[in-house]
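Chemist: Can you read through this structure? Questions will come right after.
The values are calculated or read from the model by the stated rules, or taken from the named source; none is laboratory data. Just so you know, these numbers come straight off a predicted model, no measurement behind them. Neighbour counts are summed over all protein chains in view; Cβ atoms, including those assigned to glycine, are modelled from backbone coordinates with ideal geometry. The area values use the complete protein model at the heavy-atom level, side chains included, leaving out ligands, DNA and RNA. Shrake-Rupley method; radii C 1.70, N 1.55, O 1.52, S 1.80 Å.
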Amino acid sequence: MLESFTEITSKLQVNWDLVNTGLQFVTWGLFSLFLTEILRDIYHALCHKVIWLGKFHNKHHTAYRRDLSIVSLKAYQESQLYHDVLESGILFTASILIALIFRQWGLWLGVAYNIVFLSAAYLRYSQGTIDTDYNHQPGPLDTIPSMWLVNRSYHWRHHFDDVNAYYSGVFSLVDKVLGTALSLKGKTIAITGASGALGQALTAELLKRNAKVVALTTNPDKLPTDNGIKVVSWQLGNEAELRANLEKVDILIINHGVNVYGDRTSQAINSSYEINTFSALRLMDIFIATVTGPQAKATKEIWVNTSEAEVNPALSPLYELSKRTLGDLVTLKRLNGECVIRKLILGPFKSQLNPYGVMSASQVASAILFLARRDFRNIIVTINPITYVLFPIKEMSNWLYYRIFSKKVAN
């Protein structure tokens, strides 16, 4: 029996040439699909930069109302002809040329992919149906903008938030490269801890990007009143009084905090958790309660400064403990998907809390906005390479654990 088995296995030989050919086909095929989407997004961006292309593309923008319902059947069909059919036709032609030039069979998968898009666009034009127009389905936006794959909420922002951003159609890679995955232009952005070093640096950077800043501060006397920002005074424990102001805010940046250094008294414990953890949590809950309306999930965001103390020592035990708790609660609350929530995981920068910081607040603020505009949900800015390794591991493991062992309570 053993001999017969050995004889059978010896006769089984792998045709490595066939395997290699198959792998090459799959690799080139996937590359062709990816390349198609990159070219589609580049073409889309050019439509907003090149005047004569924009004349065709504008028909696409004028075909929809804010709820993504169509203005009229005629307008919709014209948008399909002058945008979707034209775009798909150009990409179909380009994919054929690429396949002929490089002579790889896998590239013809991209040709077939473009035939599907072209056919669907033509049917939408000829029959006026929207069934295959997935990113333009009408109705309320019930999910937050996705990070890697474009969904309705993400694409809605291109139509009604900023037409010169959010160009991506399937994958958001081009937007991430261009820095158009989040537009700050015209956004109303509220910042707690606005009188601190980072708060003032963020304010300056946001104003450069044409955002409207609301400074939420417990020290209004420390802020200038001649730089075009709105200053709102508040007190710890009275976060609910900010509800009316937060109703009109697009992005809330929770940036206030305290560092008691080596103090471990009961008063220091209460102060650390009250300011660094529970006040931030109350503000999050109040702001989330303002995420109402059919398109609010597409525009409302919270950014929380949790610090790299989530994963690294800060030579201040209570600062570490309170910030880690805040970070864990943010991870937990993200699971509800009520709005986009970003974490700011920041290394030591010079401020009132840390006079020995090695980075400047302006450098950190600039880096935060650079990454935010590329839709990073965990924004790490530090000189410590260990944080870039430890934080993703910690965040993913916590996210998985919380997802399995917690559940959202229905309102």
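Chemist: Filtering region 242-279 down to residues that are acidic (Asp, Glu) and open to solvent by less than 70 Å² (accessible area, probe 1.4 Å), which residue is farthest from the chain's Cα centre (by Cα)?
Modeler: Here the answer is Asp263.
Chemist: Every residue in region 74-97 that is of a type in the set (A, V, I, L, M, F, W, C) and either in contact (Cβ under 8 Å) with a residue 60 or more places away in the chain or open to solvent by less than 20 Å² (accessible area, probe 1.4 Å) (or both), please.
Modeler: To start, the set of residues in region 74-97 that are of a type in the set (A, V, I, L, M, F, W, C) comprises 75, 81, 85-86, 90-92, 94, 96-97.
Listed by number, the list holds a single entry, Leu91.
Chemist: Considering only residues that are closer than 23 Å to Leu35 by Cβ and open to solvent by 10 Å² or more (accessible area, probe 1.4 Å), which ones fall in region 157-197? Let's see the steps before the verdict.
Modeler: Taking region 157-197 and keeping what is closer than 23 Å to Leu35 by Cβ, we get 158, 165-181.
Correct list: Gly169, Val170, Phe171, Leu173, Val174, Lys176, Val177, Leu178, Thr180.
Chemist: Please tell me if Asn219 is over 25 Å from Pro348 (Cβ atoms), of a type in the set (S, T, N, Q) and surrounded by fewer than 21 Cβ atoms within 10 Å (Cβ to Cβ). Don't jump to the end; show me each part of the working.
Modeler: Details: over 25 Å from Pro348 (Cβ atoms): no; of a type in the set (S, T, N, Q): yes; surrounded by fewer than 21 Cβ atoms within 10 Å (Cβ to Cβ): yes.
No.
Chemist: Under 9 Å between Cβ atoms, at least 6 apart or on separate chains: pull out the pairs that start in region 33-59 with a residue that is under 30 Å from Trp105 (Cβ atoms) and in contact (Cβ under 8 Å) with a residue 60 or more places away in the chain and end on any residue that is of a type in the set (Val, Ile, Thr) and in a helix (DSSP H, G or I).
Modeler: Close Cβ pairs satisfying both conditions: Leu35/Ile98; Glu37/Val174; Ile38/Val174; Arg40/Val174; Asp41/Val174; Ile42/Val174; His44/Val174.
Chemist: Look at region 341-397 and say how many of its residues are β-branched (Val, Ile, Thr), open to solvent by 30 Å² or more (accessible area, probe 1.4 Å) and not in a loop (DSSP other than H, G, I, E, B).
Modeler: Pass one, region 341-397, residues β-branched (Val, Ile, Thr): 341, 345, 358, 364, 368, 379-383, 386-387, 389, 393.
Those still in the list that are open to solvent by 30 Å² or more (accessible area, probe 1.4 Å) too: 358, 383, 386, 389, 393.
Keeping just the survivors that are not in a loop (DSSP other than H, G, I, E, B) gives 386, 389, 393.
Qualifying residue count for the region: 3.
Chemist: Among (1) open to solvent by 40 Å² or more (accessible area, probe 1.4 Å); (2) modelled with pLDDT under 95, where does Asn312 come up short?
Modeler: Asn312 satisfies all of (1) open to solvent by 40 Å² or more (accessible area, probe 1.4 Å); (2) modelled with pLDDT under 95 except (1).
Chemist: Before we move on, is Gly257 assigned to a loop (DSSP other than H, G, I, E, B), touching a helix residue (DSSP H, G or I) at 6+ places or on another chain (Cβ under 8 Å) and of a type in the set (Gly, Ala, Ser)? Show your work before the answer.
Modeler: Numbers: assigned to a loop (DSSP other than H, G, I, E, B): yes; touching a helix residue (DSSP H, G or I) at 6+ places or on another chain (Cβ under 8 Å): yes; of a type in the set (Gly, Ala, Ser): yes.
Spelling it out, Gly257 is indeed assigned to a loop (DSSP other than H, G, I, E, B), touching a helix residue (DSSP H, G or I) at 6+ places or on another chain (Cβ under 8 Å) and of a type in the set (Gly, Ala, Ser).
Chemist: Okay, next question. Which is closer than 22 Å to Trp156 by Cα, in contact with a helix residue (DSSP H, G or I) (Cβ under 9 Å, 6 or more places away or on another chain) and either part of a loop (DSSP other than H, G, I, E, B) or free of Cβ contacts under 8 Å to residues at least 60 places away in the same chain (or both), of Ile302, Ile275?
Modeler: Residue meeting the stated conditions: Ile302.
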